[in-house]
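> The structure under discussion is supplied below as structure tokens; questions concerning it will follow.
Every number in this text was worked out from the coordinates using simple rules, so none of it is lab data. The structure displayed is predicted, hence computed values, not measured ones. With ideal geometry, Cβ positions are generated from the backbone for all residues, glycine too; neighbour counts draw on all protein chains shown.
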């Protein structure tokens, strides 16, 4: 049995940065901190932060005098104002690519563009983004939701974790009815790279294990892409692995979302190796064999 | 033998308007007028205007005190300034869609966009357009000429007579390397409609006759599209028709560019009918059978 890890997987820049900010501030301040919503969409990371006194709250009303960390997905304009009014000490861990998306959306909306957002309608990143839009907008999850907006100027932006293929289809659809179309490709390159690596590995595997939070948008997208090519299971930790999945499977691929820490990936790899009867466990992510991608 | 005319063919709004301006001014002023370059790309129309004392000049130096008509394709910013300096009375017959293209190009260029123009590098419309661009630009005739511009902001515009299919391919190519892409679909809808009608007719014909000036960009494009589906001949007048073309051909299609006057179309139709042995000549364009397009 061959077990290989996707070339690009696990923590992205924005996630690493957000966790580092939370940890650094917790050590420096030596007081309880809160994050507004889970800092990233990974329950295991959230639990670890609780051990150093960083707790997630879902409602701003719960925050009294505790310093509050804005998570990687950002928060709404209104929430930011409310924190200011309540004189809460704010630590901003919004992913810089998400901040860029918010400011581009705000600017284009002010300039009179009808904003089309490719994204998950309920996702916190999208909910925060639309709070910055002052004019008309439409959130779509795919090209089939595009209608003739009867607008002279349309701008298209995207949640950072969407797929480029869908983005491109939406451009094509919008071009049919739009005289002036302004496109900002706000899909994070880390997202695209992880998706490409996962696709290539899935094409060469007969079983794929995708590791990451069940609420994680980018991990769900990896699982969706993977299942087009191979049997795919989306798990959060090694505990969920089922021996039965591995019967008659000889090429196993592993990939992990941008919010999945290395040690969870190592655990999954070791458990799979164990199921296959091998004793060769690894202690670091660099010891896991990586799938060699063909140069395209 | 069946002879049918494309549903949408012949004079477009901008061409009709330019000729009307020239005729009206010639009658009103009762003096010699010049056009800067042929008013439209149709030699027969240019010859007719000469009979009412409207002559085409190619060089601004030739213009002394004669009022000058700016033709439908527009003229460069520099030429406009020179006319002003020489105190020439200017009559502007630039197609309003071309004027719009020029002003959009000028605006976007000032805003710092790297301008990509889809167009014929030597065409007067394109030469006039680029004179309004103050920053970097690239004129391309197809997607294969698109390179990574290494620009943060790129804007795409098009000569009004290009095909939408090529425009779309260029969008796709530019998206690969561009973070912020501003697209203005300046392809004239009259152009697109004529191309669609010609394509549908060519698909249902075994011989196509495309009528229009040999220098006419939009007519050449119709011929190019048509020859993908049927044997195609691009002619200026009925004189060029060759009896041999019609041997064993039973479904003949006729289409005409946006600068082709009705009477040239009527002449061609009557000559073809005559070749086929019929005596049923027509006297007006409305008598020519039009190809019924399928609703798509």
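> Using a 10 Å cut-off around each Cβ of peptide B:182-189, what is the average number of partner chain Cβ atoms that fall inside?
On the way: counts 7, 11, 6, 7, 2, 0, 0, 0.
Across B:182-189, the average partner-chain Cβ count within 10 Å equals 4.
> A further question on this structure: If each Cα of the range A:46-91 is one equal point scatterer, what is log10 of I(q)/I(0) from the Debye formula at q = 0.18, 0.24, 0.31 Å⁻¹?
-0.55, -0.94, -1.35
> When Cβ neighbours within 10 Å are restricted to other protein chains, what is their mean count per residue of peptide B:164-175?
Numbers: counts 2, 0, 0, 1, 4, 0, 0, 6, 3, 0, 1, 6.
Mean number of neighbouring Cβ atoms from other chains: 2.
> Let me ask something additional. Nearest 5 is fine: what % of DSSP beta bridges in chain B come out antiparallel, could you say?
Values: 0 of 37 bridges.
Here the share of antiparallel DSSP bridges comes out near 0 percent.
> To continue, here is another question. Of A:79, A:256, A:93, which has the largest mean-square fluctuation in a 10 Å C-alpha GNM of chain A?
A:79
> Classify the range B:242-296 as rounded, prolate or oblate from the Cα gyration tensor: take a ≥ b ≥ c as the square roots of its eigenvalues, call it rounded if a/c is under 1.5, otherwise prolate when a/b beats b/c and oblate if not. Walk me through the numbers before you get to the answer.
On the way: a/c = 1.57, a/b = 1.19, b/c = 1.31.
Verdict is oblate for the range B:242-296.
> A further question follows. So for the range B:97-187, what are the equivalent ellipsoid semi-axes in whole Å, largest first, each being the square root of 5 times an eigenvalue of the Cα gyration tensor? The partial results should precede the final answer.
Details: eigenvalues 63, 48, 24 Å².
Over the Cα atoms of the range B:97-187, the ellipsoid semi-axes are 18, 15, 11 Å.
> At 222 nm, what helix-only mean residue ellipticity would chain B give, in deg cm²/dmol to the nearest 500, using -39500 (n - 2.57) for each DSSP H run of four or more?
On the way: 9 runs with 108 residues, N = 296.
Mean residue ellipticity, 222 nm, calculated: -11500 deg cm²/dmol.
> Most mobile of A:277, A:142, A:14 per a Gaussian network model of chain A (Cα springs, under 10 Å)?
A:277
> Still on this structure, please answer the following. Taking 1 over the mean of 1/r across every pair of different Cα atoms in the range A:12-90, what Kirkwood radius in Å do you get?
With all distinct Cα pairs of the range A:12-90 included, I get 12.6 Å.
> Note down the nm distance, to one decimal, between modelled labels 7 Å out along Cα→Cβ at residue A:237 and at residue B:32.
9.5
> Compute the relative contact order of the range B:48-189 as a whole-number percentage, counting only Cα pairs closer than 8 Å that sit 6 or more residues apart in sequence. The partial results should precede the final answer.
Numbers: 224 pairs, mean separation 29.9, N = 142.
Relative contact order here is 21 percent.
> If you bin every alpha carbon distance in the protein assembly as shown into 20 Å steps from zero, what whole percent lands in each bin?
17, 36, 27, 16, 3, 0
> To continue, here is another question. How much of the DSSP beta bridge set in the protein assembly as shown is antiparallel, as a percent to the nearest 5?
Values: 5 of 79 bridges.
Taking every DSSP beta bridge within the protein assembly as shown, about 5 percent pair in antiparallel fashion.
> Would you mind calculating the relative contact order of chain A from Cα pairs under 8 angstrom and at least 6 residues apart, reporting the percent as a whole number?
Numbers: 573 pairs, mean separation 64.2, N = 296.
In percent, rounded to a whole number, it is 22.
> Could you tell me the extents of chain A's C-alpha atoms along the three principal axes, largest first, rounded to whole Å?
61, 54, 29
> Same structure again: Just subtract the alpha-carbon distance of residue A:64 and residue A:47 from 0.36 nm times their residue separation and send over the number in nm, one decimal. Intermediate results must be reported in sequence, preceding the final value.
Details: separation 17, 0.36 × 17 = 6.12 nm, distance 2.18 nm.
Result: 3.9 nm gained on full extension.
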